[in-house]
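Student: Structure below; questions to follow.
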Amino acid sequence: MDTIFIRDLRVDTVIGIFDWERRIRQTISLDLEMATDIRKAAASDRIEDTLNYKAVAKRLIAFVEASEFQLVETLAERCAEIVREEFGVPWLRLTVNKTGAVRGARDVGVIIERGSREGG
């Protein structure tokens, strides 16, 4: 399996457990690594034969902007489900970064892996 990736996809959303967090939008950052076989696309040079990372990004931006989860864990799971189910991705690694969530730390978040790189 090959990997198509998206790094530092920034989206403003309502996220957090505290009252003040429910009243504002915060910027989260997504990193995705998605397993796919690029050989057909490489041979044809056609976007229809590959995982369209722009379509994935647009779908996740729309979803995250409209979401209002309390936990980054929930947001990560829902994003992973969308990518795997709607785009047929057999495996992904997703990082959800809530920059500045902890004083003294630049980055805080979760990294999840779902599926199998072998295609199942």
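Student: Only sites in a loop by DSSP and with at most 10 other Cβ atoms within 10 Å count here; which trypsin sites (Lys or Arg not before Pro) in region 1-53 make the cut? Can you show the working numbers first?
Tutor: Working: sites: 7, 10, 22, 23, 25, 39, 40, 46; in loops: 23, 25, 46.
Counting only loop positions with at most 10 other Cβ atoms within 10 Å, the trypsin sites (Lys or Arg not before Pro) in region 1-53 are 23, 46.
Student: Solvent-accessible area per residue for the chain at a 1.4 Å probe radius, Å²? Provide the component values of the computation, followed by the final result.
Tutor: Details: 7280 Å² over 120 residues.
Solvent-accessible surface per residue comes out at 61 Å².
Student: Just one of (i) 33, 13, 12; (ii) 25, 17, 12; (iii) 29, 14, 12 is semi-axes √(5λ) of the Cα gyration tensor in Å calculated from these coordinates, so which is it?
Tutor: The calculated read-out lines up with (iii).
Student: Once both axes come from the Cα atoms, what is the angle between helix 53-66 and the longest principal axis of the chain, in degrees from 0 to 90, rounded to 10?
Tutor: Tilt relative to the chain: about 20 degrees.
Student: Only Lys, Arg, Asp and Glu count, each charged at its Cβ (+1, +1, -1, -1), so figure out the dipole size of the chain about its Cα centre, rounded to 20 debye. If you can, show how the numbers build up before the last one.
Tutor: Working: 19 positive and 21 negative charges, 64 e Å.
The calculation lands at about 300 debye.
Student: Moving to a separate point now. Among all the lysines, which ones have a C-alpha under 26 Å from residue 98's C-alpha, if same-chain residues fewer than 8 places away are not counted?
Tutor: Here the lysines satisfying the reach criterion relative to residue 98 are 54, 58.
Student: Another question about this same structure. If R0 is 41 Å, what FRET efficiency do you get for residue 22 and residue 49 from their C-beta distance, rounded to 0.05? Could the numbers behind the result be given before it?
Tutor: Values: r = 43 Å, r/R0 = 1.05.
That gives a FRET efficiency of 0.40.
Student: Restricting attention to region 12-87, which chymotrypsin sites (Phe, Trp or Tyr not before Pro) occupy a DSSP loop and are surrounded by at most 11 other Cβ atoms within 10 Å? It would help to have the intermediate numbers written out before the result.
Tutor: Details: sites: 18, 20, 53, 63, 69, 87; in loops: 18, 69.
Those satisfying the criteria are 18.
Student: For the chain, what relative contact order do you get, as a whole percent, if you take Cα pairs closer than 8 Å and at least 6 residues apart? Spell out each step's value before the answer.
Tutor: Working: 216 pairs, mean separation 32.6, N = 120.
Relative contact order for the chain comes out at 27 percent.
The values are calculated or read from the model by the stated rules, or taken from the named source; none is laboratory data. Because the structure is a prediction, the values reported are computed rather than measured. Methodologically, a virtual Cβ is constructed for each residue, glycine included, from the backbone with ideal geometry; neighbour enumeration extends over all protein chains shown. Keep in mind that these areas ignore ligands, DNA and RNA; they rest on the heavy atoms of the full protein, side chains included. Shrake-Rupley method; radii C 1.70, N 1.55, O 1.52, S 1.80 Å.
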